[in-house]
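Beneath this line is the structure, given in structure tokens, with notes to follow.
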Amino acid sequence: MIIKGLELHNFRNYNSLTVDFSPSINVIYGKNGYGKTNLLEAMFLCCVGKSFKSVKDTDLIQYGKDSYKVKTRIDNNICKSISVFYERNKSKYVEIDGAYIEKLRMLFGNLIGLVFSPESVRVVTDGPAYRRRLLDIALCQIKKDYYYSLMMYNRFCEEKGKLLEQGTAADPIEMESLNENIALYGASIAVDRKNFVAQLNELAGKYYSEIAGERETVTMRYEPFIHSFSGAVNEGLENENRSVTERVKEEFLKELSDERLMKREREFRKNLIGIQRDDIGMFLGGNSLRNFGSQGQKRSFAIAITLAELEILRQKSGRTPVLFLDDVLSELDSSRKRKIIEMTGKIQTFYTCTEKEMMGAAVAGGAPVNFIDVEKLR
Ligand SMILES: Nc1ncnc2c1ncn2[C@@H]1O[C@H](COP(=O)(O)OP(=O)(O)O)[C@@H](O)[C@H]1O
Ligand SMILES: [Mg+2]
């Protein structure tokens with residue numbers, strides 16, 4: 001999968017831009033604040049329809065303008081171009097090969113992308129929301145029904161929140177039906193997340209020792225906020241008549257229907273259990289990485305997770321994702337740089353950095369590099 005070029009109109013600091021890329025390594029270099037990250041952001045927007053930063057679409061429109069347009073020209077056997085158009089206060093308009101797509105979920109999988117930046121370490125150091133976001137962005141791109149389940153789950157939780165506002169006056173039949181749907185979509189998401197984390201766990205350990213050169217065992221574990229999840233999964237394996245997901249759904253529904261929980265939910269006026277509170281446990285030699293890992297170990301772990309994700313995205317989609325490495329060259333020593341370049345050899349990669357030389361030594365004698373001076377694009 002290759003991005004051949006990018007066209008921007010009134011996107012962030014770019015008025016109007018057309019740029020071509022190399023199918024292997026692209027290095028976008030230039031001073032801070034010149035618009036390097038903005039280019040990666042625009043390309044990633046064509047992968048999942050959203051920025052990789054947590055920002056609103058209006059923030060992407062150039063100051064003083066009313067709309068933006070981003071178009072990537074692509075070389076893969078699914079499509080040749082993806083365009084995202086957004087006008088202030090209107091809904092987003094996405095086209096694949098010039099044809100409008102009605103649902104955002106139809107975009108996923110056409111162009112698969114993965115971002116790694118200094119912010120990525122937050123997956124390891126910060127709260128569970130960062131880890132759920134990682135799962136959601138990856139799973140949306142490789143699993144057809146994942147985004148739909150997530151939308152439905154959130155919609156039913158929102159409805160339930162409104163019903164809980166009514167306290168004891170809430171219609172129990174309506175509540176039961178909402179819980180039924182929350183359990184249905186929640187179970188499907190939880191099982192997908194569990195499988196994904198299991199794959200991450202298998203690969204991340206291998207990459208960690210390659211990058212960090214340490215022998216300590218690295219483990220990742222899905223920590224669902226459905227208390228009966230593990231029991232249901234294990235029992236589901238023994239009972240061939242019911243799928244694991246069905247089993248999880250049933251147990252989750254039982255939990256949601258518990259009188260004590262329902263009383264607490266009425267007090268808090270929200271849905272208190274479920275996948276919105278999931279987490280991933282990360283351990284180094286059996287100890288919590290977040291509490292005991294050094295800065296360097298956390299950073300290596302974050303890189304290992306990205307490489308593991310890359311491998312899973314590739315396996316599950318049967319295609320090669322595009323990799324965006326924002327500002328990471330300054331943080332890596334030359335042996336790690338070389339390691340990453342070696343491991344991502346056959347993948348189209350976009351690096352950003354402030355000095356052209358940051359890349360130099362690491363690729364000497366290796367793949368050809370397309371250097372792009374961001375100053376010339378402005
Ligand atoms: N909506 C916008 N309209 C115009 N300029 C913007 C907008 N959003 C960000 N910018 C500008 O983009 C620049 C930051 O771009 P960025 O890609 O993050 O730079 P860097 O090269 O450091 O990665 C800043 O100068 C900022 O003012
Ligand atoms: Mg930047």
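The values are calculated or read from the model by the stated rules, or taken from the named source; none is laboratory data. Treat the numbers as computed from the prediction; the structure is a model and nothing was measured. Quick reminder, even Gly has a Cβ in these numbers, built from the backbone with ideal geometry, and neighbours come from all protein chains shown.
For segment 2-48, a residue qualifies if it is surrounded by 22 or more Cβ atoms within 10 Å (Cβ to Cβ) and on the phi > 0 side of the Ramachandran plot, and exactly one does: 35. Considered as a group, the residues in segment 55-83 that are part of a loop (DSSP other than H, G, I, E, B) and either aromatic (Phe, Trp, Tyr) or within 16 Å of ligand 2 (Cβ to nearest atom) (or both) include one that is farthest from residue 41 (Cα to Cα), and that residue is 63. Scan segment 124-144 and tell me whether some residue there is within 16 Å of ligand 1 (Cβ to nearest atom) and under 21 Å from the mean Cα position of the chain (by Cα). Looking through segment 124-144, none of the residues is within 16 Å of ligand 1 (Cβ to nearest atom) and under 21 Å from the mean Cα position of the chain (by Cα). For beta carbons closer than 8 Å, sequence separation of 6+ or different chains, a first residue in segment 135-159 that is in contact (Cβ under 8 Å) with a residue 40 or more places away in the chain and within 12 Å of residue 186 (Cα to Cα) and a second that is among the small types (Gly, Ala, Ser) and buried (at least 20 other Cβ atoms within 10 Å of the Cβ), the qualifying pairs are 149/188; 153/186; 153/274; 157/274. Only one entry in 167, 213 is over 17 Å from residue 312 (Cα atoms), surrounded by fewer than 17 Cβ atoms within 10 Å (Cβ to Cβ) and free of Cβ contacts under 8 Å to residues at least 12 places away in the same chain, namely 213.
If I filter segment 50-70 for residues that are of a type in the set (Asp, Glu), within 16 Å of ligand 1 (Cβ to nearest atom) and loosely packed, with under 13 Cβ neighbours inside 10 Å, do I get at least one hit? Yes, because at least one residue in segment 50-70 is of a type in the set (Asp, Glu), within 16 Å of ligand 1 (Cβ to nearest atom) and loosely packed, with under 13 Cβ neighbours inside 10 Å. Residues to consider are 277, 260; find the one that is over 24 Å from the mean Cα position of the chain (by Cα), at pLDDT 95 or above and surrounded by fewer than 18 Cβ atoms within 10 Å (Cβ to Cβ). Exactly one residue qualifies, and that residue is 260.
Per-residue answers, yes or no, for (1) charged (D, E, K, R); (2) modelled with pLDDT of 95 or more; (3) buried (at least 17 other Cβ atoms within 10 Å of the Cβ); (4) within 22 Å of residue 72 (Cβ to Cβ):
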| position | (1), (2), (3), (4) |
| --- | --- |
| 93 | no, yes, no, yes |
| 100 | no, yes, no, yes |
| 117 | no, no, yes, yes |
| 156 | no, yes, yes, no |
| 161 | no, yes, no, no |
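Between residues in segment 323-335 that are over 18 Å from residue 295 (Cβ atoms) and of a type in the set (D, E, K, R) and residues that are assigned to a loop (DSSP other than H, G, I, E, B) and within 12 Å of ligand 1 (Cβ to nearest atom), which pairs lie under 6 Å by C-beta distance while being six or more apart or on different chains? Note: pairs meeting the criteria are 326/117.
Summed over segment 19-59, the residues that are polar (S, T, N, Q) and out of contact with any Lys or Arg (no Cβ under 9 Å at 6 or more places or on another chain) give a count of 4.
Select from segment 18-51 the residues that are within 23 Å of the chain's Cα centre (by Cα), among the small types (Gly, Ala, Ser) and away from ligand 2 (no atom under 16 Å from the Cβ) and list them in ascending order. Listed by number, the residues that qualify are 24, 49. If you check residue 29 against the conditions, is it closer than 25 Å to residue 358 by Cα, more than 8 Å from ligand 1 (Cβ to nearest atom) and in contact with an Asp or Glu (Cβ under 9 Å, 6 or more places away or on another chain)? Yes. Against the test of being more than 13 Å from ligand 1 (Cβ to nearest atom), in contact with a helix residue (DSSP H, G or I) (Cβ under 6 Å, 6 or more places away or on another chain) and either of a type in the set (A, V, I, L, M) or in contact (Cβ under 8 Å) with a residue 24 or more places away in the chain (or both), the options 84, 19 yield a single qualifying residue, 84. Cβ separations smaller than 7 Å between residues 6+ apart or across chains give the following pairs from segment 57-76 residues that are without any contact (Cβ under 8 Å) to a residue 60 or more places away in the chain to residues that are of a type in the set (Lys, Arg) and within 16 Å of ligand 2 (Cβ to nearest atom): 60/12; 62/12. Cβ-Cβ distances below 7 Å connect no pair with a first residue in segment 343-359 that is among the hydroxyl-bearing types (Ser, Thr, Tyr), a second residue that is in a loop (DSSP other than H, G, I, E, B) and away from ligand 1 (no atom under 12 Å from the Cβ), and a separation of six or more residues or different chains.
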